[in-house]
Amino acid sequence: MAVGLVRLGLGVALFFAVLAASGSVSFVHGKCSAIGVGKLASADGTVMVAHTDDAGNDASDLRLVRVPAKDHKPGATRPVYRPQDGYPRFVDGNRSPEYAPQQGQEPSTPIGFIDQVNHTYAYWDQEYGMMNEHQLSIGESTCGSRTVAYPIDDKDHDGKALFGIEELSKIALERCRTARCAIKTMGDLACEFGFFAEPERADGGEALVIGDKEELWVFHVMPSPDGAHAIWAAQKIPDDHVVMIANDFVIQEMDLNDSDNFLYSPNMVHIAADKGWIDTLDFEEHGHFNFFKTFGFEKRHAKHENPLLGLYSGRRMWRFYSLLNAEYSAASDPYIGYTPKTSSLYPSSLQPDQKVSLKQLFGIMGDHYEGTPFDLTKGIAAGPFGNPNRFEGHSAGEPSIKGGFERPISIYRGTFSFVCQSSSDVADGLGVGWYGQDQPSGSVWVPIFAAQTTLPQSYMWAKQSEFSLDSAWWAFNFVNNWMQLGYNKMLDDISAARSELQEEAFQVHQTIVSRATEHGKDDELPILLNELSNAFADLVAKRWWSFAFKLVAKYSNGLVTTGEGPGERMALGYPDWWLKDVGYTKWPPGEPTSRVETAH
């Protein structure tokens, strides 16, 4: 029995699925990871912004939509929408032709309006804004905070706030070329009109990694206590550093006199002092202000701390930094979670030992703690074939129980992911977003450019509720699900197929950049990018479906079939350790005592 417990990980693993003490599981759903790499920390000198969208239980609108640049008449207003799950995220043909009403859809009703600017930039838009035509890029991660607020159309809760992070991120891309502009734009709007996130403190705030052609920043925003305004702060990440946000604020000590590296809302210190959230005397004497300790979420008056709250974010942060910095890996303690009380044990950002390549970042985004004590491919919970996916929740109608599993960077509910690369060494239109469908550990990322204006139809399928062989998302989702029938049996085949296509993607990207640079005509650049990028993306979708069907034929009915000849179909069986743990060696069972007594 002891062996089984160790394999299950009860000695080393905590927690991701259940907050049993409160009977709630909702706060872990939909939380995403965001990563940033400064230009001197990246192997090719680009600023990199990465995001894994881990959408949770509700359906998502799968479309990556091009919002075109526009000129606006004086006095025009911009509608603001409350984010919606599922398809469509909203309906507004004025925002983009892709958002125009389809099949009887009614236009969405804005919850408010703000003054429009004279000109707005084009950008790629999904759940959040991703990248605009000037290479400004954004990655998101929901965070806990000390406050919550409700949208202005939520009359049941007397909502007062106009903006969620979704619309703020889109407005930043519409109006800004730099990260600093994005921060000020979003911060000012949130303070003036109010900010809301999720209606619970564990999800009450938001964080963004924002990159432009030169700088990398982290932005945090949360509701003001009155629910009608906002508190925000931002920190410039050193050019030779990397940063990860895993659902908790990462800005810690702030130098409020250093406007080159720190920005913040005018009300930040006043509210913290007024609420008694900071030591006013210490602040006045030494100027110490720690954003996460002041505003981060934890159950400060709980009798017993729940380790879930710190390890849900801390374990991913530890994994990211430990993969990139050997000194940190040797000195850090992955069993201590990341909370306001323990935050000094974690860096806000870190210098990697070696410059980070795009390929390396893809590998990190697909991580399941392989090779660590928390390896999700090991143990009885992984099954006989090392499946790292752990589903959340418990059976309906049954009482919640305490416990959980590790929360990896690549999680089964991942919907899409991307890495955006921005650089002053290329024309703005050649800034690139590497876009992957479904769970990152099973993705192939294709290059989508800042000046590109269309995507192939295979990348425009919208619905998770309807299966389609014409959809790239369904191709990757299907392979990721089929793989769970025999994960480590199929892993080598899938890894080889992904590697081959990803290497082709790198080569295609180089070819496109070279041809576009030689072409030299800005007005014709979108046409070239549309043609070459879309052709490759569509090819990836078709080849992944072809590969999926090969997997079905090769790995079915528990067998491996490689041909029609003798010995070309075989059963791999189960590993001995798993057979022992599930009682295989104890078969047949003895007769029940009641049956033996009856016989006599």
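The values are calculated or read from the model by the stated rules, or taken from the named source; none is laboratory data. This structure is a prediction, so every number in the text was calculated from the model and none was measured. All Cβ positions, even for glycine, are placed from backbone atoms using ideal geometry, and neighbour counts span all protein chains on display. Heavy atoms of the whole protein, side chains included, go into the accessibility calculation; ligands, DNA and RNA do not. Shrake-Rupley method; radii C 1.70, N 1.55, O 1.52, S 1.80 Å.
The table below gives the values:
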{"quantity": "Full-extension gain in nm, D92 to Y584, via 0.36 nm per residue minus C-alpha separation", "calculated": "171.2 nm"}
{"quantity": "Contour excess over end-to-end distance, with Cα ends at D260 and T109 and 0.36 nm allotted per residue", "calculated": "50.4 nm"}
{"quantity": "Tail beyond 14 Å, pair distance distribution of the stretch 171-236 (Cα, percent)", "calculated": "55"}
{"quantity": "Peptide ranges 532-545, 498-511 listed from the most packed, as the mean C-beta count within 10 angstrom indicates", "calculated": "532-545, 498-511"}
{"quantity": "Alpha-carbon Debye profile of the chain, log10 I(q)/I(0) at 0.07, 0.11, 0.12 Å⁻¹", "calculated": "-0.44, -1.07, -1.27"}
{"quantity": "Cα extents of the stretch 227-276 along the three principal axes, largest first (Å)", "calculated": "37, 27, 19"}
{"quantity": "Linear extension gain, A330 paired with Q102, 0.36 nm per residue minus alpha-carbon span", "calculated": "76.6 nm"}
{"quantity": "Residues of the stretch 500-600: accessible area per residue with a 1.4 Å probe, Å²", "calculated": "69"}
{"quantity": "Solvent-accessible area per residue for the stretch 322-451 (1.4 angstrom probe, square angstrom)", "calculated": "36"}
{"quantity": "Value of Rg to Rh for the stretch 46-105 (Rh from inverse mean 1/r over Cα pairs, i.e. Kirkwood)", "calculated": "1.04"}
{"quantity": "Fraction of accessible area attributable to carbon and sulfur, the chain (%, probe 1.4 Å)", "calculated": "52"}
{"quantity": "Förster radius 60 Å - calculated FRET efficiency between Q457 and D279 (Cβ-Cβ, nearest 0.05)", "calculated": "0.55"}
{"quantity": "Average accessible area per residue (Å²) across the stretch 33-128 - probe 1.4 Å, nucleic acids and ligands excluded", "calculated": "42"}
{"quantity": "Förster radius 35 Å - calculated FRET efficiency between E591 and E568, Cβ distance, rounded to 0.05", "calculated": "0.20"}
{"quantity": "Stokes-Einstein translational diffusion, the stretch 453-600 - Kirkwood Rh over all Cα pairs, 1.567 mPa s, 4 °C, in µm²/s", "calculated": "66"}
{"quantity": "Inter-site label distance for N118 and L345 at 7 Å from Cα along Cβ, in nm", "calculated": "5.5"}
{"quantity": "Nitroxide proxy distance, nm - points 7 Å out along Cα→Cβ at H72 and Q484", "calculated": "4.3"}
{"quantity": "Cβ-Cβ FRET estimate between K542 and S357, R0 fixed at 30 Å, reported to 0.05", "calculated": "0.60"}
{"quantity": "Cα convex hull volume per residue for the stretch 100-218 (Å³)", "calculated": "125"}
{"quantity": "Pairs from K39/K170; K378/K580; K359/K463; K402/K489; K70/K213; K160/K184 whose Cα-Cα separation, in the structure shown, is over 26 Å", "calculated": "K359/K463; K402/K489"}
{"quantity": "Partnerless Cys - the chain, beta-carbon criterion under 4.7 Å", "calculated": "C32, C143, C191, C420"}
{"quantity": "Accessible area (Å², 1.4 Å probe, nearest 10) - S348", "calculated": "30"}
